[in-house]
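None of the figures in this text is laboratory data; all of them are computed from the coordinates on show. Given the structure is predicted, the values throughout are model-derived calculations rather than measurements. Neighbour counts are summed over all protein chains in view; Cβ atoms, including those assigned to glycine, are modelled from backbone coordinates with ideal geometry.
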Amino acid sequence: MPRFTSLLLLVLLAVAPLPALAQTEGGQPAGTIAVQSDIALDTAIADRIRDILRQLDGYRNVSVSVADGIVTLRGTVLDSAQIDALNGLVGRVEGVVAIENEVTESTDMRERLDPAIERIEGRLAQFLAFLPLILVALAAGLAVMFAGFFIAARKWPWDRIAPNAFIADIYRQIVRLAFIVFGVVLALDLLNLTALLGTILGAAGIVGLAIGFAVRDTVENFIASIMLSIRQPFRPKDLVEIEGETGHVIRLTSRATILLSLDGNHIRLPNATVFKSKIINYSRNDERRFTFLIGIDPGADIARAQEIVLAALTELPFVLDSPAPAVWVEGLGPSTIDLTAAGWIMQHQTSIGMAKGEAIRVVKARLEEAGIGLPEPTYRILGALPAPTGAAAAAPKPAAAPPTPPPAPVEVQEVGVTETADLETLIEAEREALSDDDLLRREAPQE
């Protein structure tokens with residue numbers, strides 16, 4: 001029996017806290033309950049709760065009744081969160097014993113639209129109140145931007161401080177952008193919205209980074225265009241070699257360098273490639289050397305052959321005395337002694353191709369006049385040929401060929417710039433076609 005009594009007490013102790021816990025869950029008030037009911041207290045509680053709900057938005061359709069400290073809430077609200085908030089709010093009122101929350105979420109279309117309409121009307125009224133300040137801020141910002149565009153549109157000082165029109169236009173774009181940013185900051189400051197500027201700049205930075213990765217090649221070419229227009233590694237019409245492509249420079253644009261090859265073809269090279277490549281400028285110096293290889297008979301006197309070749313180069317009127325022409329032994333060929341002849345010309349007065357061709361013609365003639373042969377490749381056949389038999393053996397041998405008469409004297413011809421002049425006419429026509437899209441200027445400094 002004592003054991004049964006002890007077990008019963010343990011069960012009662014375990015169950016006893018449950019009603020109190022149930023009252024505190026769901027926002028129910030906690031604390032002791034008075035023994036006697038008080039009608040005046042109930043009325044005061046109801047009035048206090050009504051006063052509170054009237055001060056809050058969304059509870060105007062909620063009715064309150066109190067009996068013996070038990071608060072009953074009925075009506076509708078627009079949001080389910082407001083229903084949950086009622087229990088916590090009413091439970092804080094002194095004297096409330098329990099809460100019967102019978103408030104439901106409203107499905108009436110008019111009740112749900114009225115608050116939205118009221119909010120729109122309130123924001124419209126607020127906008128109208130701020131409209132004069134908005135107009136002043138907008139006018140101030142536009143005035144600053146207009147001043148920036150006016151300054152950027154002037155020719156002075158941008159054309160004076162920039163090496164070319166392309167860089168001057170970049171200066172103008174920077175000035176416009178700076179004044180636009182200053183105008184936006186001024187307008188936001190007048191509206192007390194400078195905190196919004198950080199968000200705008202952050203978004204612009206992210207967008208700019210994404211665009212930068214997307215158009216990386218375009219940006220690289222643009223930056224290379226700026227550097228090339230400042231450095232000016234070549235001038236208009238210069239004969240250059242870039243990435244194995246040889247041609248005359250037609251123009252330098254903001255994206256590519258345009259060459260006209262010696263065959264009359266257009267060659268378009270991205271500026272990023274041009275900026276990073278090795279550039280050979282054949283037109284930078286007026287003097288230019290041409291060389292050619294000539295093979296003589298191995299049995300000939302090499303020193304005498306060199307003298308003849310050097311004399312032939314010297315008699316050419318377009319070959320310069322300084323730097324002087326030169327001849328040297330290049331090596332031994334399969335059936336010749338190879339000599340290299342070199343001469344210098346004024347390339348702006350003489351065509352390099354025609355000068356080289358005339359030099360080869362005259363040197364060959366002078367060697368042949370001196371009896372120095374220019375042998376063709378010879379081949380040795382090993383093994384004996386079978387003896388002829390029959391009619392072939394009885395046939396008479398052919399007569400020896402008559403000796404070759406000595407070659408007629410060769411006269412030196414004048415070499416001009418006819419080919420170069422015609423090509424320059426074509427280049428000039430190509431440049432005049434799009435003269436405004438060229439970043440190269442003859443008067444600009446050159447590295």
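Overview of values
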quantity: Taking the convex hull of Cα positions in segment 164-320, its mean projected area over all directions (nm²); calculated: 15.1
quantity: Net charge of Cβ neighbours under 12 Å - reference PHE149; Lys, Arg +1; Asp, Glu -1; calculated: +3
quantity: Taking segment 21-107 and dividing mean pair separation by its residue count, relative contact order in percent (alpha carbons under 8 Å, at least six apart); calculated: 33
quantity: Too-long pairs where the Cα-Cα distance tops 30 Å, listed order kept, from LYS155/LYS276; LYS237/LYS278; LYS237/LYS364; calculated: LYS155/LYS276; LYS237/LYS364
quantity: Loop chymotrypsin sites (Phe, Trp or Tyr not before Pro), segment 249-304, which have at most 15 other Cβ atoms in a 10 Å radius of their Cβ (DSSP); calculated: TYR282
quantity: Net charge of Cβ neighbours under 11 Å - reference ILE70; Lys, Arg +1; Asp, Glu -1; calculated: -3
quantity: Inter-centroid distance (Cα atoms) of segment 44-89 relative to segment 250-324, Å; calculated: 100
quantity: ALA204-ASP169 pseudo-label distance in nm [points 7 Å out on the Cα-to-Cβ vector]; calculated: 2.3
quantity: Over segment 114-214, volume per residue of the alpha carbon convex hull, in Å³; calculated: 140
quantity: Alpha carbon convex hull of segment 21-107, volume per residue in cubic angstrom; calculated: 80
quantity: Net charge of neighbours whose Cβ lies under 13 Å from the Cβ of ASP38, counting Lys and Arg as +1 and Asp and Glu as -1; calculated: -3
quantity: Among beta bridges that DSSP assigns inside segment 21-107, antiparallel share in %, nearest 5; calculated: 45
quantity: Compactness relative to 2.2 N^0.38 Å, alpha carbon Rg of segment 96-168; calculated: 2.56
quantity: Relative contact order %, segment 168-252, counting alpha carbon pairs below 8 Å whose residues are six or more apart; calculated: 13
quantity: Square roots of five times the Cα gyration tensor eigenvalues for segment 223-301, Å; calculated: 34, 13, 11
quantity: Segment 114-214: relative contact order in percent, alpha carbon pairs under 8 Å with at least 6 residues between; calculated: 31
